[in-house]
Amino acid sequence: MCGIVGAVAQRDVADILVEGLKRLEYRGYDSAGVAIIDNENQLNRARRLGKVQELADALQAKPIAGGTGIAHTRWATHGAPSEINAHPHMSSETIAVVHNGIIENHEQLRSQLQDLGYHFSSETDTEVIAHLVHHELKSAKSLLAAVQATVKQLEGAYGTVVVDTRDKDRVVVARSGSPLVIGYGVGENFIASDILALLPVTRKFSFLEEGDVAEITRFEVNVFDIDGKPAVREAKESEVCHDVGDKGEYRHYMLKETYEQPTAIRNTLEGRLQGNMLDNQTFGAGADAIFQEIEHVQIIACGTSYHSGMVARYWLEALAGVSCNIEIASEFRYRQSHVPKNALLVTISQSGETADTLAALRLAKEIGYRASLTICNVAGSSLVRESDLAFMTKAGAEIGVASTKAFTTQLVGLLMMTLAIGQHHGMSVEKQNDIAQSLMTLPNKLEEVLALAGSIEELAEDFADKHHALFLGRGDQYPIAMEGALKLKEISYIHAEAYAAGELKHGPLALIDAEMPVIVVAPKNDLIEKLKSNVEEVRARGGLMYVFADASANFSSDDTMKVINVPVCDDLIAPIVYTLPLQLLSYYVAIIKGTDVDQPRNLAKSVTVE
């Protein structure tokens, strides 16, 4: 979840490191730091609590020169956010380390190192790596050998980068469970936890595999696999194009990315629908043969991606006639499960590096799934590389921690997956045409929804003094209610819960009063009359409701209900269409509450630890 940047160059690298951290700040933002080896082989470190700009200001006031350096922006796991716990961590003024992940046996290692005379200055698990490397160098022939010996003692997840003043033109990196990418320059090379950090200096990248250790100098990169044998990791040119510093006319990345959704979905659809038929390569080579055999789909995801998977279950069973289960990745990987015959495992992740989801994929390979497919936004990510099939959502870089366009493009990908599987399981041509045509109308529908922003901003004023909220939906709108509640929690810090509306009488009605706003998603579908009965249950108990419904659903505003009319749309795409009003509502409530919209407290964008 933390951001890592490293460089070996002839030029000074401080500016490169800090710019890389700014581009990775969505991964962690409670503290930041750099360590650079200068021309006199001295290790100079600067760390600051808070945003990367605090570090940038400190370096402007007191510059650090040098061509070899590492940098880090932190999301705290062990030890509270503080300057003393900020990375890089050092040992004996010669070794510096940055680390993403969790060292599970750090307490045991700390005790052993203390017995050897090492003093710890932080509360972090990372500091044990620095002292272990220093200790191993007493007998190892090189920094590479010392790091290889060190990682054999580590239990848990790590992406780590190490520098040594006695070998100043070299960095050594190791990856286990936490992603690292190498960037190739001319007479200089780089390392980062995400290619976004390095786009200003290179577009040529290779990805380290699980268990890899690599040494990087200005002129060469040598990679060794988990067994210590030389390995080749192919370098490729990246097509990613993103200026992380440009919000354009928008106040926050979240708002910008909300408004980018029509374009993002056009990009997701482009080239994949030929008339009303899916292109055969949409899900990768061999997808048709796999889909033909599939009798069951198991979806695994976390957070927002889990909600998109919940919607997909409705689609797969109702439209494709294939049974489907959806499970949170962190639960799936720690229970004994039964694998149905010819089951497809589908993972969903914006980053492609979500630790629990990746672990679930690896487990699935061991217990007998027919094949695996990932719905993902990042080409070259671990989930994409390790899955049999992949659907790239093409949402573009998403910087706001609260997911917007990544979520809706996931839903588009899952509906296209439903179409692809349904074509092999008796889905009528008429239904295939309906899905394809609905998808093609979707971007324009979303533009119509975004035109409601002014009305939703006014509605948000009612939430200025609220501390709790309840979201209701039925059928495939229930997961959208869950997503709406999550968004409100994430960025406004209002406690929000979502329920299937039919569950009201089984407990949640006890919460209803004038201080508990109830948000309802109500497209006119087969469940609308049932939903209206649930709304009356709330009204009868003095609840104040905010209903998002199309005009034909016949809801009217009064003293107990405020209605926002959402454009009429096909039932197939209604879950996607009704997502946007809830995103806008959570955004404008957060603005009123004065929270940090793009970087909400205690959260990070890419969750690469358990």
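What follows draws every value from the coordinates through simple rules; no lab data is involved. Computed from a predicted structure; not experimentally measured. As a convention, Cβ positions derive from the backbone with ideal geometry for all residues, glycine included, and neighbour counts pool all protein chains shown.
Using just the helices of the chain, give the 222 nm mean residue ellipticity in deg cm²/dmol: DSSP H runs with n ≥ 4 each add -39,500 (n - 2.57), and the total is spread over all residues, rounded to 500.
Values: 19 runs with 201 residues, N = 610.
My calculation for the chain gives -10000 deg cm²/dmol from helical runs alone.
I need the calculated FRET efficiency for the pair residue 285 and residue 204, taking r as the beta carbon distance and R₀ as 25 Å, to the nearest 0.05. Spell out each step's value before the answer.
Numbers: r = 25 Å, r/R0 = 1.00.
Step by step, r from the Cβ atoms, then E = 0.50.
What percent does the relative contact order of the stretch 3-237 come to when contacts are Cα pairs within less than 8 Å and at least six residues apart? Walk me through the numbers before you get to the answer.
On the way: 591 pairs, mean separation 47.3, N = 235.
Relative contact order for the stretch 3-237 comes out at 20 percent.
Along the positive direction of the dipole of the chain (beta-carbon charges: Lys, Arg +1; Asp, Glu -1; about the Cα centre), which of 349, 292, 176 reaches farthest?
Result: 176.
So if each residue of separation counts as 0.36 nm, and I subtract the Cα-Cα distance between residue 142 and residue 57, what length gain in nm does that give? Present the calculation step by step, with values, prior to reporting the outcome.
Numbers: separation 85, 0.36 × 85 = 30.60 nm, distance 3.56 nm.
So the chain would gain 27.0 nm between residue 142 and residue 57.
Using a Cα distance threshold of under 22 Å, what count of lysine pairs results for the stretch 419-518 when pairs must be 8 or more residues apart or interchain?
Values: 431/445; 445/487; 466/487; 466/489.
Going through the stretch 419-518 pair by pair, I get 4.
In square nanometres, what is the average projected area of the Cα convex hull of the chain? Walk me through the numbers before you get to the answer.
Values: hull surface 110.7 nm².
Averaging across all directions leaves 27.7 nm² for the Cα convex hull.
When the chain is fully extended, how far beyond the present Cα-Cα distance does residue 250 get from residue 336, taking 0.36 nm per residue of separation? Could you put the intermediate results ahead of the total?
Values: separation 86, 0.36 × 86 = 30.96 nm, distance 4.71 nm.
Result: 26.2 nm gained on full extension.
Got a sec to turn the phi values of the stretch 102-109 into Karplus ³J(HN,Hα) couplings, 6.51 cos²θ - 1.76 cosθ + 1.60 with θ = phi - 60°, whole Hz, x for Gly and Pro?
9, 8, 6, 9, 5, 5, 4, 5
Mind pulling up the Rg/Rh value for the stretch 253-593? Radius of gyration and Kirkwood radius, both on Cα. Don't skip to the answer; put the middle values down first.
On the way: Rg = 19.5 Å, Rh = 20.3 Å.
Computed over Cα atoms, the ratio is 0.96.
If I stretch the segment between residue 503 and residue 429 completely, what's the gain in nm (0.36 nm per residue apart, minus their alpha carbon distance), one decimal? Write down the numbers at each step before the final one.
Values: separation 74, 0.36 × 74 = 26.64 nm, distance 3.62 nm.
Length gained, residue 503 through residue 429: 23.0 nm.
What percent does the relative contact order of the stretch 253-593 come to when contacts are Cα pairs within less than 8 Å and at least six residues apart? Mind showing how you got there, number by number?
Numbers: 663 pairs, mean separation 62.8, N = 341.
Once divided by the residue count of the stretch 253-593, the mean separation gives 18 percent.
Of 194, 462, how do they rank once you tally other Cβ atoms within 10 Å and put the fewest first? Working shown, then result.
On the way: 194 26, 462 14.
Neighbour counts put them in this order, fewest first: 462, 194.
Let me know the charge dipole size of the chain about its Cα centre in debye, to the nearest 20, where only the beta-carbon of Lys, Arg (+1) and Asp, Glu (-1) is charged. Could the numbers behind the result be given before it?
Working: 55 positive and 81 negative charges, 109 e Å.
With Lys and Arg at +1 and Asp and Glu at -1, about 520 debye.
R0 = 35 Å: FRET efficiency of residue 367 with residue 560, Cβ-based, nearest 0.05? Display every interim value, and only then the final one.
Numbers: r = 52 Å, r/R0 = 1.47.
Taking R0 as 35 Å, the efficiency between residue 367 and residue 560 is 0.10.
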